[in-house]
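Just below is one structure, and these are the notes that go with it.
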Amino acid sequence: MNTRIMAVMVILIGLASCKKYEETPLQGIKKDNVYDPLDKNGDFARQVLSDLYTSLPDGFNRVRADGDNAVGDFLDAGSDDAIPSVQNKVVEYYKNGRLNSTNNPDDNWAGAYRAIRAANDFLANIDVVPVDANAPKTLQYWKAEARFIRAMNYFEMIKRYGGVPLIGDKVLSPNDNLQIPRSTFEQCINYLVSECDAIKGLLRVEPVADSDLGRITRGAAYALKARVLLYAASPLFNGGGTASDPTKKALAGYPTFDAGRWTLALNAVQELINLNAYQLTTTFNAAFIGRKNTEVILAKQRAKTFDLETNNAPIGYTTPLSNGLTSPTQELVDAFPMLNGLSITDPASGYIASNPYAGRDKRLDNTVFYNGIRWLSRNVETFEGGKDKPGGVAVQTRTGYYLKKYMADFSAATAYATQDHNYIIFRYSGVLLDYAECLNEVGRTADAYAPLRSLRLRAGITAGTGTDTYGIKAGMSQEAMRAFIQNERRIEMAFEEQRFWDIRRWKIAAQVLNGSLHGTLITRSPAGALTYAPYTVANTTFNQRFYLMPIPYSELISNRSLIQNEGW
């Protein structure tokens with residue numbers, strides 16, 4: 001069974017009960033049989049919709065070179081939060097200057113348009129299938145889900161390239177005129193907002209039955225609209241694009257700044273919050289290891305696995321196998337505060353450089369493997385010559401750290417057990433961070449404290465006494481609050497494909513990716529004493545043109561109406 005069919009089967013398992021599994025590959029079924037007026041159960045049409053779900057984003061070890069079948073890297077390894085443990089991986093093109101229009105490891109143009117065409121084909125034909133007779137509103141839900149998936153694929157392109165050709169409901173064939181120009185950024189944003197508004201009342205309402213876990217609900221439509229408008233209001237797209245040519249500037253973002261765009265984003269986030277359908281889980285890690293919880297708005301469903309552990313846990317664990325493919329940076333580790341919420345650079349924080357992981361924000365323990373943390377019934381050893389950093393030619397951490405995000409507690413276990421690893425596309429903690437950011441940007445800085453406090457309370461940060469509760473200083477200016485929110489978003493959403501895009505939409509990538517990234521060198525004396533010293537693990541470079549990705553060269557050749565982004 002090939003990988004694509006396997007992906008469809010996994011979606012079928014996760015999305016609904018009483019499904020008829022695929023007996024014939026979808027590619028071998030005639031359209032008249034898929035969209036059959038006599039098929040009261042809509043079995044084949046359901047499979048087509050399930051196949052559409054496979055086009056939703058999936059961020060687990062996914063970035064690899066074309067034709068490379070090896071396990072890939074997290075996109076965050078292309079940011080300042082991590083580097084790949086294997087040298088010279090393509091994900092580092094985003095910070096070593098090697099990215100170009102023929103060499104982009106995260107080029108999703110063709111795949112997104114395949115999904116958009118498949119969604120349009122589904123929408124054009126599904127009405128003849130009489131499934132509503134057995135389950136009222138089924139067709140309504142299916143069509144709204146397909147429209148959401150189409151919109152999600154457009155958004156994934158827009159945040160990479162800016163404005164892209166909008167196809168509408170057309171099902172294009174090779175005989176059609178495919179010389180379609182790019183729509184402006186504003187036209188694309190307006191289209192996505194209108195689609196989200198159109199379908200939010202047509203989708204399932206939360207909470208859904210267990211048999212429908214993983215289905216796109218109204219909350220996902222609200223969340224996508226809010227995220228689209230958040231990006232549209234952000235500095236890169238809100239009049240801050242780097243293009244000088246007026247035509248290219250309108251493709252890359254809004255040509256001029258409008259503070260009112262932050263209000264639009266705030267209103268959209270507020271609408272989602274007002275649904276009262278979501279809340280934070282009791283503990284930070286609970287959001288990632290349970291298929292059903294109150295925080296997840298939309299996640300891409302997968303079968304239970306322990307592939308995250310096998311791919312990313314420290315390499316010294318060979319039974320079970322662990323490959324340690326992701327090396328978080330010292331910059332990310334240093335971003336986590338102490339348990340009292342204060343930055344490690346604050347003299348009042350209690351941070352001790354000779355014992356750097358003691359008394360830290362508990363989210364650090366759920367995000368990063370550091371030396372001494374317990375795993376599979378022993379302590380992780382990332383000191384020089386330790387079990388998890390033995391030296392030599394073996395692939396191992398380049399920074400002194402490994403990725404731990406998404407993993408269950410295997411500290412006292414002797415082997416991995418299968419667990420839910422569903423890639424979360426939208427979760428409520430991200431919504432609260434969006435809310436705080438929008439409140440601050442519209443000048444309501446005092447109101448931004450409440451969502452931040454709720455996140456820190458859930459994280460286990462102590463409230464403290466006085467006015468600076470949960471380590472959040474009272475009376476911050478808008479600029480100071482902005483920096484605080486950006487750091488809180490970094491640590492809360494690490495390895496969720498937020499940081500890579502955030503540093504672009506905030507236009508700070510040129511700051512954080514021009515220079516060096518670091519790890520920590522840990523040495524152990526014969527008596528067992530440990531010393532910690534920072535060291536450079538990668539030199540980085542970021543050009544202004546990297547804020548948007550280049551339109552693929554192959555697309556420019558086949559569609560002469562496309563205009564390349566400036567600088568490429």
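The values are calculated or read from the model by the stated rules, or taken from the named source; none is laboratory data. Being a predicted model, the structure only gives us computed values, none of them experimental. So basically every Cβ, Gly included, is an ideal-geometry build from the backbone, and we count neighbours across all protein chains shown. These area figures cover heavy atoms from the full protein model, side chains too; ligands, DNA and RNA do not enter into them. Shrake-Rupley method; radii C 1.70, N 1.55, O 1.52, S 1.80 Å.
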Worksheet entry | Residue check for ASP121: farther than 30 Å from MET549 by Cα and acidic (Asp, Glu) | no
Practice prompt. Collect the residues in the stretch 160-204 that are surrounded by fewer than 16 Cβ atoms within 10 Å (Cβ to Cβ) and touching a residue at least 60 places away in the same chain (Cβ under 8 Å), keeping them in residue-number order.
Written response: LEU178, GLN179, PRO181
Practice prompt. Give the number of residues within the stretch 464-486 that are open to solvent by 40 Å² or more (accessible area, probe 1.4 Å), of a type outside the set (D, E, K, R) and not in a helix (DSSP H, G or I).
Written response: 7
Worksheet item: LYS300: under 28 Å from the mean Cα position of the chain (by Cα) and open to solvent by 10 Å² or more (accessible area, probe 1.4 Å), yes or no?
Response: yes
Worksheet, complete the sentence: Flagged in the stretch 530-565 as part of a loop (DSSP other than H, G, I, E, B), open to solvent by 60 Å² or more (accessible area, probe 1.4 Å) and over 25 Å from ILE83 (Cβ atoms), in numbering order, are ARG560, ILE563
Discussion item. Filter the stretch 23-41 down to the residues that are closer than 17 Å to PHE122 by Cβ, modelled with pLDDT under 85, assigned to a loop (DSSP other than H, G, I, E, B) and of a type in the set (D, E, K, R) and list them by number.
Written reply: LYS30, ASP39
Worksheet entry | Given (1) open to solvent by less than 40 Å² (accessible area, probe 1.4 Å); (2) more than 27 Å from the chain's Cα centre (by Cα); (3) aliphatic (A, V, I, L, M), number of the condition ALA509 does not satisfy | (2)
Worksheet item: Taking the stretch 261-290 as the region of interest, how many residues are without any contact (Cβ under 8 Å) to a residue 12 or more places away in the chain and either open to solvent by less than 30 Å² (accessible area, probe 1.4 Å) or part of a loop (DSSP other than H, G, I, E, B) (or both)?
Response: 2
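Quick grid of which residues meet (1) farther than 14 Å from PRO328 by Cα; (2) among the basic types (Lys, Arg); (3) assigned to a loop (DSSP other than H, G, I, E, B); (4) touching a residue at least 24 places away in the same chain (Cβ under 8 Å):
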position: ASN61; (1), (2), (3), (4): no, no, yes, yes
position: ILE83; (1), (2), (3), (4): no, no, no, yes
position: VAL86; (1), (2), (3), (4): no, no, yes, yes
position: PRO105; (1), (2), (3), (4): yes, no, yes, yes
position: LEU123; (1), (2), (3), (4): yes, no, no, yes
Discussion item. Go through the stretch 374-403 and report how many residues are of a type outside the set (Gly, Ala, Ser), without any contact (Cβ under 8 Å) to a residue 24 or more places away in the chain and assigned to a loop (DSSP other than H, G, I, E, B).
Written reply: 1
